[in-house]
Each structure stands twice: as C-alpha cells, then as structure tokens.
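Worksheet: one structure, shown below.
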Amino acid sequence: MSSLRSTQKEDDLEVIKRKIESWDKEDITVLERLYTEFARVRRSDEYLLLSVPSAEIPMDLIDFSFVAVDRHGNCLMKSGEIKTVESLRQGLRTYDILIDHFFTAVGVFIIREQRDFWEVEEPAGHVSEHESRQDAESYIQRALRQVDDES
C-alpha cells in the first residue's frame, strides 16, 4: 500500500512539474498556485529550481531571488511572495537614497572629527558637534520623508 501511495505521489509531482514547466508566463498567481501545490504534495515548502519559463527579467533586478516574472511585470520570489517589478525598483531607489544620505551624514561627521584630531582651526561660522549631529539627523529625516513622498 505504501508503494502505491509513493507511486501516486511521484505521478502527482510529475504532473504538477509539467504544468509548471509549461506555464504560459501570463499570470504569476497561476505559477504560485502550482508551486504551492507542488510543495504540498512533496511535503516541503522549499522552492525547487525547476525549469520554469519566465518573461525577461530586467537587468537592473537580476540580483533578486526570482522564480519567474510574468508578462505584466509581476514576480514570484523564491520566498513565495509575489511582487511587482516596479515595487522592487522603488525599493532599490529607496535603498540608494538612504545609503547616499547616510554616507553624506557620515562624511560630514568624519570631516569634523578629522578637524578635531588634527586640531585644525575651524573656519568662521563653525558649527558645534551638537549642531553637526542635529544636521546629520535632520538630513536623514528629510531623506526618509522624500522616500515616503515618492512611494
């Protein structure tokens, strides 16, 4: 009896695998349901790297963990989530803006620390360390608001 169940399970997996491999790239939710069914029958929630058809993955997003992308820009991620190409790009823009602002704030702090270390005289209109930190925090807060406004 166990052998029959095992054979039936293998047959079911093979049918689902063929459906995955022949997915038409039209609707990512169809592929997601097939992967979910495959994982249920297989009794594992890990995504296997099957031979999955996909619409072209944009080069600027190639480093993301995709299973596939449909023709409408919806992506099935290896995590099982469905995201859009645009939401992934927005995430990259947000990350880039925050990193840029962070390094600018750190740069300002390092420059001021270097002045203190070398005991360089501050030019007229010197900003105190407290004001410098406030400026950095304010700069990052403005960056976060800018990101929120763009979202």
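Here are a few things to note about the model shown:
- Extension reserve of the Arg142-Glu86 stretch, reckoned as 0.36 nm per residue once the Cα distance is removed: 17.8 nm
- Computed from label points 7 Å out along Cα-Cβ, the spacing between Ser22 and Ile62 is 3.2 nm.
- With a Förster radius of 41 Å applied to the C-beta separation of Arg93 and Thr7, the computed FRET efficiency comes to 0.20.
- For Ser87, the accessible surface of its heavy atoms amounts to roughly 60 Å² (probe 1.4 Å, protein chains only, rounded to the nearest 10).
The values are calculated or read from the model by the stated rules, or taken from the named source; none is laboratory data. Because the structure is predicted, anything quoted here is derived from the model rather than measured. Glycine also receives a Cβ, built like all others from the backbone with ideal geometry; neighbour counts cover every protein chain displayed. These area figures cover heavy atoms from the full protein model, side chains too; ligands, DNA and RNA do not enter into them. Shrake-Rupley method; radii C 1.70, N 1.55, O 1.52, S 1.80 Å.
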